Each structure stands twice: as C-alpha cells, then as structure tokens.
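Single-structure report; data block below.
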C-alpha cells in the first residue's frame, strides 16, 4: 500500500492510503490521531501487526473519506483545491554539539579558514551547535 499525507485548506493533516486505482482512503477520518506515517508505523510495531494490515483494519472499522488521487495531484500542482499533498511524516531533528580534547583545538584552528570559531567553542561556557538537520 502507498501512503500519503494531505493538508486541507485549514491546515489540518490527514494520512491517506492508496487502496485502489486512483483512489485514496483517509485513515485520519476513521482514527483522528493517525495523521502521520510515523505514528502508523509505531502503532504497527507495538501491536506486532504489519503496517498494511493495520491500515486495512482501521479503514474497515469505519467509513473513511474516499478521495481521487488525480484531483489531489492537480490541486497540489495548481495550489488550489481543498487538499494538497504534504510529506508523509515530519522527520525528527538531529542536533550535534560538543568538543574533543584540547590538543584537537590546535589542529582545528590550523586546518580552518576561520579558526576563531574553534576558540569560541573550546572557551565557551557551553558548546556551540555545529550541526542541525533532519534525520
């Protein structure tokens, strides 16, 4: 099964599954807390169930909203319509900070075109953040 996340014109998120040709079924319309693929994956893992089986069970337990994938694709492209595609989950942020030994300060300063930043790191009360990204 393929999964997508939609955002509606009010900014609400929905996790949907492609269940047939050109057909999406809204998992969030049945279980409002399931609006992110990561939540569905975690729930499947905790319950010992395959993700697709869990999604099918959830959809079968209610009356999901059925949407046309082509219509959503076109409205996403045009920036119009009630729904637009969003990324299926928000990746967690990864932050890295810290320093190593004092002798590496000298090496970093020697290698760097901007050696002052390393002096600031080694002499600061708390380390500077050197890296921030999504996982």
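Does region 18-34 contain at least one residue that is out of contact with any helix residue (DSSP H, G or I) (no Cβ under 8 Å at 6 or more places or on another chain) and in a strand (DSSP E or B)?
Here is the first cut: in region 18-34, the ones out of contact with any helix residue (DSSP H, G or I) (no Cβ under 8 Å at 6 or more places or on another chain) are 20-21, 26, 28-29, 32.
Narrowing the set further to residues that are in a strand (DSSP E or B) leaves 20, 26.
Yes, the conditions are met somewhere in region 18-34.
Being more than 17 Å from residue 34 (Cα to Cα), in contact (Cβ under 8 Å) with a residue 24 or more places away in the chain and surrounded by fewer than 16 Cβ atoms within 10 Å (Cβ to Cβ) is the filter here; which residues of region 57-80 pass it?
Within region 57-80, 68, 70 qualify.
So for region 37-54 (the condition being closer than 29 Å to residue 133 by Cβ and in contact with a strand residue (DSSP E or B) (Cβ under 7 Å, 6 or more places away or on another chain)), does at least one residue qualify? Break it down stepwise before answering.
Restricting attention to region 37-54, the residues satisfying the condition of being closer than 29 Å to residue 133 by Cβ are 37-46, 51.
Narrowing further to those that are in contact with a strand residue (DSSP E or B) (Cβ under 7 Å, 6 or more places away or on another chain): 37, 40.
Yes - at least one qualifying residue is present in region 37-54.
With the condition kept exactly as written, say whether any residue in region 22-36 is out of contact with any strand residue (DSSP E or B) (no Cβ under 8 Å at 6 or more places or on another chain), modelled with pLDDT of 80 or more and surrounded by 13 or more Cβ atoms within 10 Å (Cβ to Cβ).
Keep residues of region 22-36 that are out of contact with any strand residue (DSSP E or B) (no Cβ under 8 Å at 6 or more places or on another chain), which gives 30-33.
In the following step, the residues that additionally are modelled with pLDDT of 80 or more were identified as 30-33.
Filter once more, keeping what is surrounded by 13 or more Cβ atoms within 10 Å (Cβ to Cβ): 30-31.
The answer is yes; a qualifying residue exists.
With the condition being modelled with pLDDT of 70 or more, I'd like the helices (runs of 4 or more DSSP H) fully within region 64-135 carrying at least 2 qualifying residues.
Numbers: elements: 69-78, 102-111, 116-123.
Per the criteria, 69-78, 102-111.
Given the criteria surrounded by 11 or more Cβ atoms within 10 Å (Cβ to Cβ) and modelled with pLDDT under 95, does residue 53 qualify? Working first, answer last.
Numbers: surrounded by 11 or more Cβ atoms within 10 Å (Cβ to Cβ): yes; modelled with pLDDT under 95: no.
So residue 53 does not fit the description; no.
The values are calculated or read from the model by the stated rules, or taken from the named source; none is laboratory data. Fair warning: this is a prediction, and the values are worked out from it, not measured in the lab. Note that we place each Cβ from the backbone using ideal geometry, even for glycine, and neighbour counts take in every protein chain shown.
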